[in-house]
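S.K.: Please find one structure pasted underneath; my questions will follow.
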Amino acid sequence: MKRTEITIAGDSPGTSHQLTRFDIGPDDPTLPKIFLQAGLHAGEQPGMMILHHLLAMLEAGEQSGRLRARFVIFPMSNPIGMGQVGLHHHQGRYHLRSGLNFNRGWFDLFEMLAENGGLTNLAAALLSGSSDSSESSGSSDNAAHNTAIIRQAVRAALDACQPVTALDHQRLHVAREACDSDVVLDLHCDDASLSHIFIVPQLMPGAQDLSDWVGAAATLTAEDSGGGSFDEVWPGLWIKLARHFPDHAIAPPPLAATLEYRGYCDVDDEMNRQDAQNLMGFFMGRGYVDAAPAVAPPSPSPSPAPLPLSATEIVVADRPGLLAYNVRLGDIVSVGDVIADLITLDGPTAFVERHPLCAGTDGLILSLRCLKYVGPGDTVAKVVGSKPLANRTGYLLEM
Ligand SMILES: [Zn+2]
């Protein structure tokens, strides 16, 4: 296991950030590459605890020669966000200097390749063949050839970026490692929540094993959730290339997903150690890690089938108040059921009126919030429904 400290100059004079990277596994570029990061939203720390445990498990696997893939791990991928503490309160979701959400506005690799006639050059270099998964072996060879060319072009495009801010540098460091990975897992958490996954629909049901191992209460799919989130970057490129080059052999998209490990408060040594163990189970199932001798490979419980993210209702407060929840995580609700009463805090009905906030869809209570004082537009709950909702188009994420 190799640890590398990357120093990023801070935007303020006299400051810098340390980005820590671990490389584990055989130094063989022909092996699959697995990328993991936690803490991109720096306030979401269950993933850091999970990767703390995973590092030890992978190191043990490396020492006993059981790794069949290369792992690149950033257990705290956003040191800039970790430093954003003011008045004893950590603000890890938005970059204070620019206002940018740390998991929005990531690269559009297809657009980057398209700049300066890049797609024409690519077309000349790519070999023909079907992008279909039922491709012949000759077409498969062509796809492997094309993958190498595309990855080279992506790396060149990233190398041509001219980072200015510390955030630019941080993004480039992790993007350079994610861009040629076969598996990209971005560990996050919600407010108060059950585990769930965000993934592009093209990767399902192929990644159902990931949902099962994560123990996802929901797997929510959107090809473009409208925010340019990290996990969509990597498969997004290959999906767009396959559409743009229908007669060329374009490999299927890499497996990338946002893994939401419950809520902010679910940083728990034993629970997160089990989460890491489950990720090892996923890696073993995929053949990236051999099981230890004489240990029966575990198997996960099945998770629910994926559902479109556009069917998940984000219930928001329409006024300020104090939330009195009427539901718990995992409850099943119907349209019109009261999710919470909002206790009015001002005006003639202050401290007397209870204003009900109701479910707009039938579904599962996936997320609530820890802190109960809310204002207009604040998320109160996420309800996982199965039918796309008319008001859920365009931007599908929280801000
Ligand atoms: Zn997050």
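The values are calculated or read from the model by the stated rules, or taken from the named source; none is laboratory data. Because the structure is predicted, anything quoted here is derived from the model rather than measured. Note that each Cβ is placed from the backbone with ideal geometry, even for glycine, and that neighbours are counted across all protein chains shown. With ligands, DNA and RNA removed, areas are computed over all heavy atoms of the protein, side chains included. Shrake-Rupley method; radii C 1.70, N 1.55, O 1.52, S 1.80 Å.
S.K.: Could you say which residue among Leu329, Leu322 is more than 27 Å from Ala222 (Cα to Cα), aliphatic (A, V, I, L, M) and open to solvent by 60 Å² or more (accessible area, probe 1.4 Å)?
M.R.: After applying the criteria, what remains is Leu322.
S.K.: Here's a follow-up. Here are some residues: Ile6, Ile80. Which one is open to solvent by 10 Å² or more (accessible area, probe 1.4 Å), in contact with a His (Cβ under 7 Å, 6 or more places away or on another chain), more than 16 Å from the ligand (Cβ to nearest atom) and in the same structural domain as Glu260 (by TED's automatic domain parsing)?
M.R.: Among Ile6, Ile80, only Ile6 is open to solvent by 10 Å² or more (accessible area, probe 1.4 Å), in contact with a His (Cβ under 7 Å, 6 or more places away or on another chain), more than 16 Å from the ligand (Cβ to nearest atom) and in the same structural domain as Glu260 (by TED's automatic domain parsing).
S.K.: Taking the stated definitions as given, is His188 closer than 18 Å to Glu232 by Cα, within 16 Å of the ligand (Cβ to nearest atom) and assigned by TED's automatic domain parsing to the domain that holds Leu36?
M.R.: yes
S.K.: Got at least one residue in region 136-159 being closer than 24 Å to Met82 by Cβ, over 17 Å from the mean Cα position of the chain (by Cα) and either open to solvent by 10 Å² or more (accessible area, probe 1.4 Å) or among the β-branched types (Val, Ile, Thr) (or both)?
M.R.: no
S.K.: Tell me, which residue of region 196-222 that is open to solvent by less than 10 Å² (accessible area, probe 1.4 Å) and in a loop (DSSP other than H, G, I, E, B) is nearest to the ligand (Cβ to nearest atom)?
M.R.: Here the residue is Ala216.
S.K.: Which of the residues belonging to region 84-126 are basic (Lys, Arg), within 16 Å of the ligand (Cβ to nearest atom) and either open to solvent by less than 30 Å² (accessible area, probe 1.4 Å) or out of contact with any strand residue (DSSP E or B) (no Cβ under 7 Å at 6 or more places or on another chain) (or both)?
M.R.: Arg104
S.K.: Mind checking which residues of region 22-61 are among the small types (Gly, Ala, Ser) and away from the ligand (no atom under 16 Å from the Cβ)?
M.R.: Gly25, Ala56, Ala60, Gly61
S.K.: Only one of (1) of a type in the set (A, V, I, L, M); (2) surrounded by fewer than 19 Cβ atoms within 10 Å (Cβ to Cβ); (3) within 16 Å of the ligand (Cβ to nearest atom) is not met by Ala292, so which one is it?
M.R.: The failed condition is (3).
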